[in-house]
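K.L.:
Could you have a look at this structure, given as structure tokens, before my questions?
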Amino acid sequence: AYKHYEDSKTGGDVDFNDIVIMFNDKFRGVKIPYVLVDEMQDMNANQAEMVKKIVGKKLFLVGDAKQAIFGFQGGSIKNFEDFTKTCKRLYLTENWRSTKEILDYSKNFFLKSTEHRANYEEELKNFSSSKNGSIPKIFSTVGHLSKILCLIKENKGKEIGIITRTNKQ
């Protein structure tokens with residue numbers, strides 16, 4: 001599919017990745033003094049190379065290795081690990097979106113599920129929220145939409161989050 005996509009480009013068409021590659025090949029410019037990269041866990045090798053070429057005095061990276069989801073487009077946890085060797089690591093420990101109960105559940109679920117528990121225990125030790133709420137009830141089903149609709153009807157008036165693997169689901 002990738003080869004077909006690349007072959008279908010005509011008349012000098014370029015996409016975002018082409019622009020990054022061309023930049024890396026041709027950049028001879030002045031360094032940018034202050035560079036901020038958000039969602040850096042998702043950058044691919046070409047984007048990481050670009051960041052290294054342009055950074056001047058200070059590099060500020062924001063990312064979460066646990067949220068690396070762009071492997072399909074070359075995003076790699078390796079880039080995250082490489083940058084953390086040369087950057088001072090700071091943790092954002094207060095979550096403003098979720099309740100303490102949701103954070104405790106997700107933190108414990110993650111630590112039990114990962115093969116790299118030791119890599120994340122320090123980071124998650126002080127993870128907190130000033131909001132309190134009810135203890136989340138987790139339902140897991142491979143059932144069809146009808147099962148999800150039953151769960152919604154059974155919990156009428158309650159806040160419900162539905163997580164699926166794909167948008168189609």
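K.L.:
Once you mark the GluC sites (Glu not before Pro) that are in a DSSP loop and have at most 10 other Cβ atoms within 10 Å, what is the longest gap between them in the chain?
P.N.:
Working: sites that count: Glu115, Glu159.
Longest gap between qualifying sites, sites excluded: 1-114.
K.L.:
Which trypsin sites (Lys or Arg not before Pro) from the range 79-163 combine a DSSP loop assignment with at most 14 other Cβ atoms within 10 Å?
P.N.:
Lys88, Arg89, Arg97, Lys131, Lys137, Lys156, Lys158
K.L.:
Also, I was wondering about something else. I'd like the orientation of helix 145-154 relative to the chain: the angle between its Cα long axis and the longest Cα principal axis, in ° from 0 to 90, rounded to 10.
P.N.:
50 degrees
K.L.:
Another question, then. Would you work out which of Tyr105, Asn167, Leu92 lies farthest towards the positive end of the dipole of the range 75-169? Charges go on Cβ: Lys and Arg +1, Asp and Glu -1.
P.N.:
Looking along the dipole axis, the top candidate is Asn167.
K.L.:
Can you tell me how much longer the chain between Val142 and Asn155 gets when fully stretched, taken as 0.36 nm per residue apart minus their C-alpha distance, in nm with one decimal?
P.N.:
Details: separation 13, 0.36 × 13 = 4.68 nm, distance 1.88 nm.
Stretched out fully, the Val142 to Asn155 stretch lengthens by 2.8 nm.
K.L.:
In a shell of Cβ-Cβ distance under 15 Å around His116, excluding His116 itself, what net charge do Lys and Arg (+1) and Asp and Glu (-1) give?
P.N.:
-1
K.L.:
With unit charges on the beta carbons (Lys and Arg positive, Asp and Glu negative) and the dipole taken about the Cα centre of the range 1-112, which residue among Ile21, Ile32, Met43 sits farthest to the positive side?
P.N.:
Ile32
K.L.:
Further question: Report the net charge of residues surrounding Ser140, where surrounding means a beta-carbon distance below 14 angstrom and charges are Lys +1, Arg +1, Asp -1, Glu -1.
P.N.:
After counting each charged neighbour, the total is +3.
K.L.:
I've got another one for you. Let's see if you can work this out: charge +1 on each Lys and Arg Cβ, -1 on each Asp and Glu Cβ, no other charges. What is the dipole magnitude of the chain about its Cα centre, in debye to the nearest 20?
P.N.:
460 debye
K.L.:
Would you mind pulling out the separation of the Cα centroids of the range 75-115 and the range 137-153, in Å?
P.N.:
28 Å
K.L.:
Do you know the relative contact order of the chain, to the nearest whole percent, from alpha carbon pairs under 8 angstrom that are 6+ apart?
P.N.:
RCO, the chain: 16 percent.
K.L.:
For the chain, what is the accessible area per residue in Å² when the probe is 1.4 Å?
P.N.:
For the chain, the per-residue accessible area is 80 Å².
K.L.:
Given the rule -39500 (n - 2.57) for each run of at least 4 DSSP H residues, summed and divided by the residues of the chain, what is its mean residue ellipticity at 222 nm, to the nearest 500 deg cm²/dmol?
P.N.:
Helix contribution divided over all residues of the chain: -12500 deg cm²/dmol.
K.L.:
Right, next: Between Val30, Val62, Val20, which gets the highest mean-square fluctuation from a Gaussian network model of the chain, Cα cutoff 10 Å?
P.N.:
Comparing Val30, Val62, Val20 in the GNM, the peak value goes to Val30.
The values are calculated or read from the model by the stated rules, or taken from the named source; none is laboratory data. It should be emphasised that the depicted structure is a prediction, and the values quoted were computed from it without experimental measurement. We place every Cβ from the backbone using ideal geometry, glycine too, and count neighbours over all the protein chains shown. Note: areas computed on protein heavy atoms with side chains; ligands, DNA, RNA excluded. Shrake-Rupley method; radii C 1.70, N 1.55, O 1.52, S 1.80 Å.
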